[in-house]
Structures are given as structure tokens and as C-alpha cells.
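Here the structure is laid out as C-alpha cells; the discussion comes afterwards.
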Amino acid sequence: MCVAGETAAPVQSARKPARRALAVVGSAFIAIAVIRIVSTYPVFNQTYDEPISVACGMEWLDRGVYEYDQKHPPLGRVAAALPLYLSGSRSSGNSDDRLEGNVILNHHRAYWRNLTLARLGTLPFFLLACCAVWAWSAWAWGAEAGLLAVAFLSTLPPVLGHAGLAMTDVALLATLPAALLSLGLWLERPSLARASLLGACAGLAILCKLTALVLFPACGLPIVASYALRRKSGKAGARRATWVRTAALALAIAGFLIWAGYRFSFGPYDAGGGKPHAALDQVVGQRGLVHDAVYGAMHARIPAPEFVSGIRQLWLHNRESDYNWFLGQRSNAGWPVYYPVILAVKTPAALLALFAIGAAALLAGERRRCWRSWTLLWPVAAILAVGLASHVNIGVRHILPIYAAICSIAAFGALRLFRASRLSRALSLGLLLWLAAESASAHPDYLAYFNEFADGASGKYGVESDLDYGQDLARLGRVSARRGIDSLALAYHGTADPALFGLTRWHALTPGAPETGWIAISMYDLKLGEEKDPGAYSWLERLEPVEVVGKSIRLYWAPPGGSTKIAR
């Protein structure tokens with residue numbers, strides 16, 4: 001527990017400004033963020049993976065199965081598909097999940113309406129994320145810290161960007177912090193009610209993204225250890241039995257929710273009819289007792305076999321992920337420094353400074369003796385450690401929950417700086433104004449945001465979902481109409497249909513074959529080329545683009561005479 005006198009601090013701080021006033025101000029921050037998020041809906045067409053999310057969710061709702069893409073659980077996807085289902089859309093049973101998603105999004109030729117409905121389905125997760133961060137920070141440091149933390153989270157460009165998509169990333173941002181807060185509450189008082197809350201939050205986090213199976217223990221075990229080391233030893237015997245009983249209840253509730261999320265399915269894990277799995281055979285061998293036992297277990301009937309299959313798919317995905325371009329290298333094996341670097345360049349510099357001040361104050365000051373502070377410090381280190389071990393290096397979205405803890409610690413740092421002296425108060429206000437201005441200037445390109453010290457637009461720090469998620473094809477249609485472009489060679493990294501945005505006279509840009517005329521290419525293709533020809537489009541980089549469309553598409557004019565520049 002905390003040292004004497006510290007537990008009263010949140011209560012005392014909450015009395016200075018009225019709680020009602022804090023609630024009103026915090027609600028205003030969230031409302032403004034919602035307006036900003038919704039205003040991006042008509043700007044960006046579907047991102048690469050949104051049709052998959054919609055198709056998987058609709059399959060669950062309409063057909064009662066979950067077969068398309070099992071490496072992500074159903075909760076976030078069902079939320080995205082639910083508004084479409086309620087509006088009359090249904091699954092067409094297409095064998096290809098991307099094609100199925102496109103059919104659903106273009107239902108009744110109402111593409112923008114359907115895409116908006118799907119994105120609105122995930123918006124409640126953003127609201128839950130704000131509430132979780134608010135409550136977690138207030139529990140650790142007081143009501144003012146809670147208010148400031150939610151202000152930071154609701155203005156953070158990467159959060160706003162992913163909150164505007166029909167995807168699963170913001171769902172984990174909401175549920176993982178809620179699970180970690182409920183863990184802290186349960187440790188302090190292991191009642192049946194708090195154990196039930198812990199089990200529910202943990203189960204929902206796992207139902208949002210399977211990475212929670214790693215992230216929750218990685219963050220939670222150090223929190224449990226911190227509490228165990230700092231609580232009074234005299235309470236050990238009295239609470240041990242209660243912890244065990246209530247922990248069992250939490251596990252049972254989490255397991256039940258996960259099974260419910262897969263519609264209480266029951267069947268064999270592997271429906272492949274005994275076909276061999278090369279990756280598995282590397283571990284258990286191609287024959288023998290262990291091999292036979294493992295394959296026999298794979299075909300035994302179990303609850304939620306899709307859940308187990310999803311874990312396997314995620315493991316295989318980590319072994320050989322998608323390609324990305326990072327610091328001048330093309331790879332699908334990842335980079336050891338990827339997540340620390342991408343976090344540094346995708347986060348506003350002012351927020352990083354406040355986080356550093358808060359972390360230093362916590363580690364150096366008396367607050368380090370308050371175990372509640374460690375519930376926010378440990379997740380930053382733990383999530384980064386998990387990221388370092390991952391080969392899936394294709395976007396900050398994969399560690400998006402880290403921003404919950406970063407914003408909380410930054411809020412503590414801002415308050416500590418504000419109260420230290422007149423000079424530090426001015427510095428604190430300056431950093432807050434800088435952060436607000438930086439957030440406002442990022443609109444509406446929150447997805448492709450990089451801070452002012454990083455040349456992210458060049459693709460140096462990645463061209464996957466952090467820069468090019470296929471979001472700017474509609475913008476290309478508008479630019480083509482404005483410039484009167486009637487013929488276009490196109491290399492587009494995305495799943496949207498160009499014809500939906502007025503691009504009816506286009507042909508695919510041939511890899512490795514320079515062309516003349518108007519050429520548009522996604523940054524992903526420009527940097528990564530083709531699988532067998534990484535330099536397929538490198539000749540274009542010798543030209544000067546006429547225009548950068550949005551943030552992710554470059555538009556060129558290659559005249560027949562071979563000139564490499566054109567007046568703007």
C-alpha cells in the first residue's frame with residue numbers, strides 16, 4: 001500500500017474543484033474528440049483491413065459462425081458490423097473475406113453511409129477508453145490527474161485516427177486499461193464484486209484482441225508483485241484464502257465470456273481432417289508418441305475451437321508478418337528498435353516531455369513508495385518489452401494501449417510541474433498549449449501523423465498502417481476530377497474499388513516498366529515494390545511528384561520527353 005498520508009491525496013485534490021465541474025470539463029473534451037473523429041468519416045475511404053472486420057462481424061451475426069479470419073476475436077468486429085446488420089445488411093456467404101466486406105459496405109450502393117455505420121459501431125470503445133483512463137488516473141493520483149489524462153488521450157492523433165476506423169485496435173485500448181485498473185482494485189480489496197469486474201474486463205479484453213493474452217499478464221504480474229512487496233505483511237494470512245477464491249471466480253467469468261463470444265461453440269480445434277502442419281511438426285516431429293498425442297488433442301472436441309485456432313494463426317503471423325519499410329530497410333521479420341522508435345515519432349513531442357517529467361518524478365520522489373503509481377509505470381515497460389519480442393512491426397496500433405499509461409503519467413508530470421514554481425508553471429502551460437496546437441494541426445490526418453521532429457511523410461519510419469493504410473483513394477478521385485485527369489496508371493495499396501470514387505479510366509501500373517502520363521502510387525508500393533521485385537517502382541523516385549494526395553499517395557506526371565520535373 002501507499003505510505004501514510006498518501007491515500008488521502010486524491011480525496012483532498014478532488015475537493016478543490018467541484019467534482020461536477022471536473023465531470024463537465026472532461027465530458028467536453030470527450031465530446032470535442034468525438035466530433036473530430038466523426039468529421040474524418042467522409043474524408044477517408046475504407047482502410048485496408050476494415051472490410052475484413054465488417055465481413056467477420058457480419059458472419060458472426062448473420063450466419064452464426066466465425067470462420068473467415070480467426071487471428072482476431074469477434075467482439076470488436078461484431079460491434080462494427082452490428083449497425084449494418086440492424087440497417088438490413090446481411091452476409092452474402094462469399095468465400096473471400098475482403099470481397100465479402102466490400103459487398104457489405106456497398107450494400108444498396110450506399111457506400112459512405114455503410115462505412116459510417118461500421119465506424120460508428122466502434123466509437124463506444126473510444127468512450128470506454130476515455131472513461132477507463134480517467135478512472136485509472138484519478139484512482140492513482142486524484143481527480144485533476146484523471147481529468148488531464150483524459151484530455152491528453154482525447155487529443156492524441158494516433159488514438160483519434162484509430163478510433164475513427166471499424167477495427168479492433170481501439171477496442172483493446174478501452175478494455176486492457178479497464179482490466180488493469182480492475183486488477184488493482186481487486187488486489188486492494190479482493191471481494192466477489194471486484195473479482196467479477198476483473199474477470200469481466202479481462203475476458204472482454206481477450207475478446208477484443210488475442211494479444212491481450214500476452215499483454216495482460218505482462219502488465220499484470222509486475223503489478224501483483226509490486227502490491228505483494230509493499231503491502232503490510234500482517235495481512236498475508238488473512239487475505240490469502242480470499243485472493244485464491246476470488247481469483248478462481250475471476251478466471252471462471254473470463255472463460256465464460258470468451259466462450260460466449262464464440263457463441264458457445266463446441267467442436268474439434270482442427271477441421272483439416274488430419275492434414276499435417278509444417279510449423280507444428282518442427283516442434284513435435286513428424287511421427288512418434290508426442291506427435292500422435294498432439295495431433296490427437298487437436299482433433300478432440302473442445303469449447304471455442306475458433307479461439308484456439310486464432311491463437312495458432314496469430315503465432316504463425318508473428319513468425320512471418322507483413323512487410324514494412326523502416327529506416328531504409330525492407331523486411332517482414334521486424335526490427336528490435338521498431339516500437340520504441342515508432343512510439344517516439346508518432347507521439348507529440350510535448351506529451352513525451354510531460355511523460356518524461358512524470359516518470360522521473362515518480363521514480364525519484366516519495367510517490368515511488370505508493371504501489372498505485374506502479375500500476376501505471378509497469379504497463380509502459382511491459383508493453384514495450386512485448387513489442388521488442390514481436391516480429392509484427394507494422395504500426396503503432398499494435399501497442400495502442402500503451403497510450404493509456406503514457407497519458408496518465410504525463411498528466412501526473414504536468415500537475416507536478418505546474419505546482420513546483422512560477423517558472424515551471426509557465427513551462428507546463430507552454431507544453432499544454434504546444435500539445436493542443438499540434439493536435440489541432442494534425443486534423444484530419446491523424447492516422448498518418450508524425451511529430452514535428454520526424455520526417456514521417458518520406459516513409460522513413462514505416463509505410464504500413466502508420467502512413468499508408470489505403471485511406472486516401474477517395475482523395476485521389478477528388479484530385480483527379482479537379483485536375484481533369486482522364487487516364488491514370490495506378491498502384492494502390494488497399495481494398496477499396498477505385499470506381500466508387502470516380503476513377504473509372506485507370507489501369508494497373510506495371511511493375512518494373514516505366515510509363516508516361518499520369519501516375520499515382522501508394523507509398524507502400526513505392527517503397528516495398530512487389531514481393532519478387534522490391535525495386536519495381538523505384539524509377540518513380542527519380543521524378544518529382546506533382547502532388548502528394550492526402551499523406552499516402554503520390555501523383556506524378558511523366559511526360560513522353562523524359563523530363564523529371566513539372567511546374568507546380
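The values are calculated or read from the model by the stated rules, or taken from the named source; none is laboratory data. Values in this document were obtained by computation on a predicted structure and should not be read as measured data. Note that we place each Cβ from the backbone using ideal geometry, even for glycine, and neighbour counts take in every protein chain shown.
So here's what we get for this one:
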| read-out | value |
| --- | --- |
| Subset tally (residues that are within 15 Å of N393 (Cβ to Cβ) and among the acidic types (D, E)) for the range 434-467 | 2 |
| F307 vs. criteria out of contact with any Ser or Thr (no Cβ under 7 Å at 6 or more places or on another chain), surrounded by 15 or more Cβ atoms within 10 Å (Cβ to Cβ) and within 27 Å of G203 (Cα to Cα) | yes |
| Test: residue in the range 276-296 that is of a type in the set (S, T, N, Q) and either modelled with pLDDT of 85 or more or within 31 Å of the chain's Cα centre (by Cα) (or both) | no |
| Output for the range 50-67, where each listed residue is assigned to a loop (DSSP other than H, G, I, E, B) and surrounded by fewer than 24 Cβ atoms within 10 Å (Cβ to Cβ) | G64, V65, E67 |
| Residues satisfying the stated conditions in the range 546-555, i.e. on the phi < 0 side of the Ramachandran plot and within 31 Å of the chain's Cα centre (by Cα) | E547, V548, V549, K551, S552, I553, R554, L555 |
| Residue that is farthest from G161 (Cα to Cα), among those in the range 98-146 that are within 22 Å of the chain's Cα centre (by Cα) and among the basic types (K, R) | R98 |
| Verdict on V463 being β-branched (V, I, T) and either in a helix (DSSP H, G or I) or more than 26 Å from A558 (Cα to Cα) (or both) | no |
| Residues of the range 399-414 classified as in contact with a Cys (Cβ under 9 Å, 6 or more places away or on another chain) and assigned to a helix (DSSP H, G or I), total | 1 |
| Cross-chain or 6+ apart pairs with Cβ under 8 Å, the range 406-428 first and over 14 Å from G365 (Cα atoms), then outside any helix (DSSP H, G or I) | I406/T347; C407/L156 |
| The range 294-307 residues that are in contact (Cβ under 8 Å) with a residue 24 or more places away in the chain and more than 14 Å from Y66 (Cα to Cα), paired with ones that are acidic (D, E) and part of a loop (DSSP other than H, G, I, E, B) (beta carbon under 8 Å, 6 or more apart) | M298/D270; H299/D270 |
| Pair list, Cβ under 6 Å, 6 or more apart: the range 221-236 residue closer than 19 Å to L198 by Cβ and part of a helix (DSSP H, G or I), other residue at pLDDT 90 or above and not hydrophobic (A, V, I, L, M, F, W, C) | I223/T375 |
| Residue satisfying condition, being modelled with pLDDT under 95, in a loop (DSSP other than H, G, I, E, B) and closer than 30 Å to L351 by Cα, within set E452, E515 | E452 |
| Check on D97, acidic (D, E) and touching an Asp or Glu at 6+ places or on another chain (Cβ under 9 Å) | yes |
| Residues (in contact (Cβ under 8 Å) with a residue 24 or more places away in the chain and surrounded by fewer than 24 Cβ atoms within 10 Å (Cβ to Cβ)) located in the range 73-87 | A79, L82, P83, Y85, S87 |
| Condition broken by W557, with the remaining ones in (1) more than 30 Å from L105 (Cβ to Cβ); (2) assigned to a loop (DSSP other than H, G, I, E, B) satisfied | (2) |
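One line per residue, one yes/no per condition, for (1) among the acidic types (D, E); (2) modelled with pLDDT under 95; (3) in contact with a Leu (Cβ under 8 Å, 6 or more places away or on another chain):
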| position | (1), (2), (3) |
| --- | --- |
| L180 | no, no, no |
| P190 | no, yes, no |
| A200 | no, no, yes |
| G203 | no, no, yes |
